Structures are given as C-alpha cells and as structure tokens.
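Structure, as structure tokens:
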Amino acid sequence: MSRHPIGETAMTGAERARRYRLKHPPVTNGVTKQADPDSTTQLTEQLTRAEARIRDLEAELARAKAEIAGLRAELGRERQRHGAAEAKAQKPPLTEAERETKAEIMIKGLRTQLRHRQAELRSLVDWKNTTGIPEKGGMSRTTYVKVAKALHPDSTPSDADRAEGVRAFNAWVDELKTAVRRRSA
C-alpha cells in the first residue's frame, strides 16, 4: 500500500530529491583546509633535500658502475694471462666412421620412436572405431562410413553396399537401446 500524498497531488521525483537533500546534509570525505604558508615552505625544503639526496645517490651509483667495469676488465686480463697456460683440452673432431656410427644410432632411436607413435595411433583409431564412441551413445567410424556410403546422394550404391549400411545402422540402434536399458536398470 502506497503512502498518501502530502497536498493535493503527489510529489515528482525531483521534488522528493530536493526534500531529501534539505533533510540530509551532504557527506564529505574530509575537511579541506587552506594551505598554510609555513607547511608549504616545509614541503618545498623537504623536496629540495630529497632531490639533493637523489643526485648524490645517482653519482654514487655511477662511481660503483665504473669500479665494477674496471674490476671486470682486470679479471679478463688475469684470465688471459693464466688461461693460456691452463687451456682446456679441446676434443678432436670426429672421424668419418665415428660420425656415421653416431648418425646410425640416432636414426635407430628415431625409428623406434616412430614405431611407438604408429602403434599408439593404431590403438587410438581402433578404440575410436570400436569401443570408445559407441559406449557413450555415438556411432563408430566404420558404422558411419557404411551408412553414409549407402545414403550418399552423389553416388549410386550397389544393393550389397545399401544392405550393409542398413545392417550396420540397425546393429548400432540395437547397441544403443541395450546401452540405454543398462543405464536405466
């Protein structure tokens, strides 16, 4: 039930908002003060000191970088003097026979990997064509191919192809019904 209007007609939204603002003073997050000249001077002094400190630190950083560069150069010269005497023994280049042996070993490993990947792919295809998809209610690839071959509009399948497609489809429908009965039981 709505409130009865004050006066002859109900107030408009604008009148209600004006009345609400008169009753409730605006809320501010904080009181704004005029900047005090003493605090402005203090802030300026602090800023000047901070800028001077930044310049001092930048100069100190530049000196440290120069010192590090000098130490690295000195270390490089020391390594060159001592490195010539203690040079690492480098491996001699491989002979032709060693290179061929290494290549044969690599080829053998790659062929083994290829056989494993092919076997894995065959097992995935077999799973997809037989058990994986029909268990979830889908049609296996082989069944789909047979049905599509029998029904494709661009070809005229033989009677044997058409009969095979119909048999595959009916078998799929029977499997689907059996699976639905098992799930509901």
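None of the figures in this text is laboratory data; all of them are computed from the coordinates on show. Predicted model, so just to flag it, every value in this text is computed and none were measured. So basically every Cβ, Gly included, is an ideal-geometry build from the backbone, and we count neighbours across all protein chains shown.
As an equivalent ellipsoid, the range 39-122 spans semi-axes of 63, 31, 5 angstrom, where each value is the square root of five times an eigenvalue of the C-alpha gyration tensor, largest first. Neighbour counts of C-beta atoms inside 10 Å place SER123, SER184 in the sequence SER184, SER123, starting with the fewest. Computed across the range 133-185, the Kirkwood hydrodynamic radius from all distinct Cα-Cα pairs reaches 11.7 Å.
Ranked for footprinting exposure by Cβ neighbours inside 10 Å, fewest first, MET11, MET106, MET139 give MET106, MET11, MET139. Label-to-label distance, HIS82 versus ARG3, with points set 7 angstrom from Cα along the beta-carbon direction: 9.1 nm. Cα-based radius of gyration for the range 41-82, normalised by 2.2 N^0.38 Å, reads 2.02.
Give me the net charge of LEU114's neighbourhood, meaning all other residues with Cβ under 13 Å from the Cβ of LEU114; Lys, Arg count +1, Asp, Glu -1. Once all neighbours under 13 Å are counted, the net charge is +4. Ordering ASP38, ASP126, ASP161 from the fewest to the most neighbouring beta carbons within 10 Å gives ASP38, ASP126, ASP161.
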